[in-house]
1. Can you say whether residue 175 is at pLDDT below 90, under 20 Å from residue 94 (Cβ atoms) and loosely packed, with under 13 Cβ neighbours inside 10 Å, as far as the supplied structure shows?
2. In segment 235-245, which residue that is assigned to a helix (DSSP H, G or I) and over 18 Å from residue 260 (Cα atoms) is farthest from the chain's Cα centre (by Cα)?
3. List the helices (runs of 4 or more DSSP H) that sit entirely inside segment 13-73 and contain at least 2 residues that are under 15 Å from residue 189 (Cα atoms) and modelled with pLDDT under 90.
4. Quick check on residue 157: is it surrounded by fewer than 19 Cβ atoms within 10 Å (Cβ to Cβ), at pLDDT 80 or above and touching a helix residue (DSSP H, G or I) at 6+ places or on another chain (Cβ under 8 Å)?
5. Would you mention how many residues in segment 282-314 are under 22 Å from residue 130 (Cβ atoms) and surrounded by 15 or more Cβ atoms within 10 Å (Cβ to Cβ)?
6. What are the residues in segment 246-267 that are farther than 16 Å from residue 87 by Cα and in contact (Cβ under 8 Å) with a residue 60 or more places away in the chain, if any?
7. Quick one: what pairs do we get from segment 171-197, first residue closer than 22 Å to residue 145 by Cβ, second at pLDDT below 85, C-beta under 6 Å, 6+ apart or different chains?
8. Looking at 260, 319 in this structure, which one is exposed (fewer than 13 other Cβ atoms within 10 Å of the Cβ) and either modelled with pLDDT under 90 or under 29 Å from residue 162 (Cα atoms) (or both)?
């Protein structure tokens, strides 16, 4: 199959038509893409203002692109562009970089996710989850998006920066949220960055807040230089094959990337899992049975995951 034969809907190259479609692209993205998939199959393209987007909606094709031939594909400008992509605020972190630099950063970050470290992080996860659940009351309806985000924010703050910043993490979280909102909106905006729109001004302030927060933590750590058991310590202690550590800028980029990956994306996964389980009571019952049999009411540990294969299947299916 050549690119000229990839199916898809008619191109949208008329600015007025794009403006009419923009609310749907922004607010109903999943429905929009699902409808195109139903009409054109698991591999299709759509063209907006001269830019062609290729979409794969099939596990085998995703595996082909991400794993078997992953070295032939790079991240698109939505990640790497320093003006309109996430790289504007996330720099050259693992999420936004490519090639040899990505490989170097990946090696430097690897010790932070050693099994011994993960075991300690697991204890933090269960601790904060229990604390949040303890606030729930029978008969009270909860917004699970608020609940899961509260849990993951606490966990990431503790594992990433240590408990010392728990009182300040809201500032960091608000800055990240403003940047994510900017990223979602800017794709459909025709305004250049120099136009001081409310969205742009919020994003600029968020970038300043983000830098002030993270660089202060890096400076404070370098003044002491001890392993506090958090990801910040591991990243700043890591060295490449030549004995070179990360620079402050590189460490900053990885820290904000890990926060994004561990906070909202994890909360979203939990939200989808809870929703899908509620829609599939047979799967929910099977999962409860496995958890009851293995845990018998106690708090789980990292070691328990090996005995919870159905839980792993549920999480992977959600993803």
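1. Numbers: at pLDDT below 90: yes; under 20 Å from residue 94 (Cβ atoms): yes; loosely packed, with under 13 Cβ neighbours inside 10 Å: no.
No; evaluated as a whole, the condition is false for this residue.
2. Result: 237.
3. Once the helices (runs of 4 or more DSSP H) in segment 13-73 are filtered for at least 2 residues that are under 15 Å from residue 189 (Cα atoms) and modelled with pLDDT under 90, what remains is 15-27.
4. no
5. The qualifying residues number 11.
6. Of all residues in segment 246-267, those farther than 16 Å from residue 87 by Cα come to 246-248, 262-267.
Scanning segment 246-267 gives 246, 262, 263, 264, 266, 267.
7. 179/89; 183/86
8. Just a single option satisfies the conditions, and that option is 319.
The values are calculated or read from the model by the stated rules, or taken from the named source; none is laboratory data. Model, not experiment: these values are computed from the prediction. Positions of Cβ are generated from backbone atoms using ideal geometry, with glycine treated the same way; all protein chains shown enter the neighbour counts.
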